[in-house]
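To keep things clear, I will list the structure first and then write my remarks on it.
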Amino acid sequence: MLFRPVVPSPVASRSASASPRSSWGWLAALPLVLALAACGGGDSGSSTDSGIDTGMDAASDVAGARAPDAARLPRSTLSRAAQLGKSIFHDTSLSGSGRMSCATCHAPELGHASPFATPAAMGGRRLDRPGMRTPPTLRYLRFNAAFDEAGGSRPFGGFFWDGRAATLKEQARGPLLNPNEMANRDVADVVAKLAAAPYAPRFREVFGADIFNDPELAFRRMTLALQRYQLEDPEFAPFSSKFDEVNAGRATFTAQEANGLALFNRPDKGNCALCHISTKPANAPGALFTDFGYDNLGVPRNADIAANADPAFFDRGLCGDTRTDLAARTDLCGSFKVPTLRNVALRKHFFHNGVFETLEQVIRFYARRDTHPELFYPLDASGNPVVFNDLPRALRGNVTSQPPFGRTAGQAPALTHGEIEDIAAFLRTLTDGYAP
């Protein structure tokens, strides 16, 4: 049996104590935020930061670089800065190993998510240094905003799992210099490689004949080009899944997919839409399946993360160690970014530490974390599960109990096996590139 297009029902927002937002209204300011980011608003110094392509590109390219309004994107033709960004994104020569590019960790065929069999990427100058977290997807980030603590309540926005970068441009800077990733020695090392790239003449045409004489400025232009590529190229936000086709009236859900969507939205069942919002916001052409917020789910510790070999080490997310400005906010320890669920079926690992490898495992964790904790956590000497074992004991009270969590051991889980399968079937309709 097939169902005609199903438009997701709005879901109740979090309580005021859990979130400062009751709708998608906060996203209305995004065109301004993105315009500032595209104009180098995060940089200080040279007055040329405000001009990007001025005097170097056609008027249409200047306009495109200066006004990335969601209504104008995606573009059919990339600006010259974005074209450079595409070349840079796929260039392995810009790494210390000569074998790693941005696309190495963010594979286009996997929704710009990690292609690695291991939970964390292997980088460094010999590709033998493991990272600490699963590389996140880069899809649909053009609709994100800078990090906001939201008046001390539930934060939202920012880039990386801990939101420490304010823009896509700032996010691009990190992996290039991270010794566990692209492993360049410093900015000058990156720019020397860039100046030797086959597209270096085009880089000079766009950003100035003397651009490589100032390595810091050239590096900022490089990350700006990467940002332009992600903001302009349709492949980073195609909205081309079966879900989109159903909502456009060009396809239909199966009975299982339709039931999965209903369970996904129901507060008494999956309650997934509480954070992975299934309705269209004002600034995007379709649902984004994230609220760009942060949550502490108490996911199990992953022994396959090299850093976890030290029992005293804990990845604290928002409150450190990678991010240090929120160290005093111990209430945020263990919180990580809520990712989009678009293309989630293509991912090889789930959550920030890649502890699960299938959609069904993830949904089962949501449904049974509290009712059957022994399925997910190690047992102590007395045979009791050590719940939330990827956090120090003193911080385990930070873990959320929002439904479907919050039940007690021995209670019936929120979802049956069949309902878990139905939600997984629906999530597979969020994969871009659908063809009947």
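Which members of the range 250-260 meet the condition of being within 15 Å of residue 431 (Cβ to Cβ) and either in the same structural domain as residue 138 (by TED's automatic domain parsing) or in contact with a strand residue (DSSP E or B) (Cβ under 7 Å, 6 or more places away or on another chain) (or both)?
253, 254
In this structure, is residue 203 crowded, with 20+ Cβ neighbours inside 10 Å, of a type in the set (A, V, I, L, M, F, W, C) and over 24 Å from residue 283 (Cβ atoms)? Break it down stepwise before answering.
Details: crowded, with 20+ Cβ neighbours inside 10 Å: yes; of a type in the set (A, V, I, L, M, F, W, C): yes; over 24 Å from residue 283 (Cβ atoms): yes.
Against the criterion (crowded, with 20+ Cβ neighbours inside 10 Å, of a type in the set (A, V, I, L, M, F, W, C) and over 24 Å from residue 283 (Cβ atoms)), residue 203 qualifies.
Check 64, 124, 51, 98 and return the single one that is modelled with pLDDT under 50 and touching a Ser or Thr at 6+ places or on another chain (Cβ under 9 Å).
The match here is 64.
For residues that are in contact with a helix residue (DSSP H, G or I) (Cβ under 6 Å, 6 or more places away or on another chain) and surrounded by fewer than 22 Cβ atoms within 10 Å (Cβ to Cβ), scanning just the range 109-144, find the one that is nearest to residue 233 (Cα to Cα).
Here the answer is 110.
Here is a yes/no grid of residues against (1) free of Cβ contacts under 8 Å to residues at least 12 places away in the same chain; (2) more than 17 Å from residue 139 (Cα to Cα); (3) among the acidic types (Asp, Glu):
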residue: 258; (1), (2), (3): no, yes, no
residue: 264; (1), (2), (3): no, yes, no
residue: 303; (1), (2), (3): yes, yes, no
residue: 309; (1), (2), (3): yes, yes, no
residue: 313; (1), (2), (3): yes, yes, no
residue: 332; (1), (2), (3): no, yes, no
residue: 339; (1), (2), (3): no, no, no
residue: 344; (1), (2), (3): no, no, no
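Quick one: which residue in 247, 178 is at pLDDT 95 or above, outside the structural domain of residue 94 (by TED's automatic domain parsing) and either buried (at least 16 other Cβ atoms within 10 Å of the Cβ) or not polar (S, T, N, Q) (or both)?
Matching residue, one of 247, 178: 247.
Please work out which one of (1) β-branched (Val, Ile, Thr); (2) surrounded by fewer than 19 Cβ atoms within 10 Å (Cβ to Cβ); (3) under 20 Å from the mean Cα position of the chain (by Cα); (4) modelled with pLDDT of 95 or more is the condition residue 254 fails and give its number.
Failed condition: (3).
Among (1) part of a helix (DSSP H, G or I); (2) closer than 30 Å to residue 292 by Cα, which single condition is residue 201 missing?
(2)
Just to be sure before I move on: is residue 237 out of contact with any strand residue (DSSP E or B) (no Cβ under 8 Å at 6 or more places or on another chain), over 25 Å from residue 398 (Cβ atoms), without any contact (Cβ under 8 Å) to a residue 60 or more places away in the chain and crowded, with 22+ Cβ neighbours inside 10 Å in the structure I sent?
In short, no.
Collect the residues in the range 120-136 that are in contact (Cβ under 8 Å) with a residue 12 or more places away in the chain and not in a strand (DSSP E or B), keeping them in residue-number order. If you could, list the steps in order and put the result at the bottom.
At the first step, the residues of the range 120-136 found to be in contact (Cβ under 8 Å) with a residue 12 or more places away in the chain are 120-121, 123-127, 129-136.
Those that are in contact (Cβ under 8 Å) with a residue 12 or more places away in the chain and not in a strand (DSSP E or B): 120, 121, 124, 125, 126, 127, 131, 132, 133, 134, 135, 136.
Find the residue count for the range 408-422, including only residues that are closer than 18 Å to residue 295 by Cβ and in contact with a His (Cβ under 9 Å, 6 or more places away or on another chain).
The qualifying residues number 0.
So residue 403 fits all but one of (1) at pLDDT 95 or above; (2) more than 30 Å from residue 328 (Cα to Cα); what number is the exception?
(2)
Any idea which residue in the range 350-407 is nearest to residue 294 (Cα to Cα), counting only those that are in a strand (DSSP E or B) and more than 22 Å from the chain's Cα centre (by Cα)?
Going through the qualifying residues, I end up with 385.
Please verify whether the range 212-233 includes one or more residues that are crowded, with 18+ Cβ neighbours inside 10 Å, touching a residue at least 12 places away in the same chain (Cβ under 8 Å) and among the acidic types (Asp, Glu).
yes
The values are calculated or read from the model by the stated rules, or taken from the named source; none is laboratory data. The shown structure was predicted, so the numbers you read here are calculated from the model rather than taken from an experiment. Here the Cβ is made from the backbone with ideal geometry for all residues, glycine too, and neighbour counts use every protein chain on show.
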